[in-house]
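Worksheet: one structure, shown below.
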């Protein structure tokens, strides 16, 4: 079953975000995060951390794939989390395209580069240095979105 906001645009195939099948649908719109990182371990870690916080996550292996996914995904995307250095389309350029095509989208760029290198590239976007811990990432996302997302009940620790 394709979520309502995953309908196709202009006759294209609908985009099905990666959604864990064991998560029940509460009928409430969950914020959507697009994650673009060419490092599969980092991308999967961010996806898992965000899903456990209750976000719907779209996952892309690089900036080009992230841009295409955004263009095919009909629903709102609240935040993009991207690495700065990726093949085909870097994170700064991905953010520039998304900010133009989706006004109001929030962005968070990550990098293992030295801060001086990032400043020399004139990147003026919210930044998270790699490596980072899960709690720091979650706090940054909550602050950027200005909302508290309730994790699905089956992901909450039992008492």
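Just to verify a number: FRET efficiency for residue 97 and residue 39, C-beta to C-beta distance, R0 = 22 Å, to 0.05?
FRET efficiency, residue 97 to residue 39: 0.55.
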(message) Could you give the length gained by full extension between residue 124 and residue 147, i.e. 0.36 nm per residue of separation minus their alpha carbon distance, to one decimal place?
(response) 6.0 nm
(request) Within 10 Å, count the other beta carbons around each residue, average over each peptide in 30-39, 103-112, 49-58, 129-138, and list them highest first. (result) 30-39, 49-58, 103-112, 129-138
(request) Grab the beta carbon distance between residue 139 and residue 48, set R0 = 25 Å, and tell me the FRET efficiency rounded to 0.05. (result) 0.90
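Coordinate-derived values only; no laboratory data. Keep in mind that what you see is a predicted model, and the values were worked out from it rather than measured. Because the Cβ atoms are built from the backbone with ideal geometry, glycine has one as well, and the counts that use them run over all protein chains shown.
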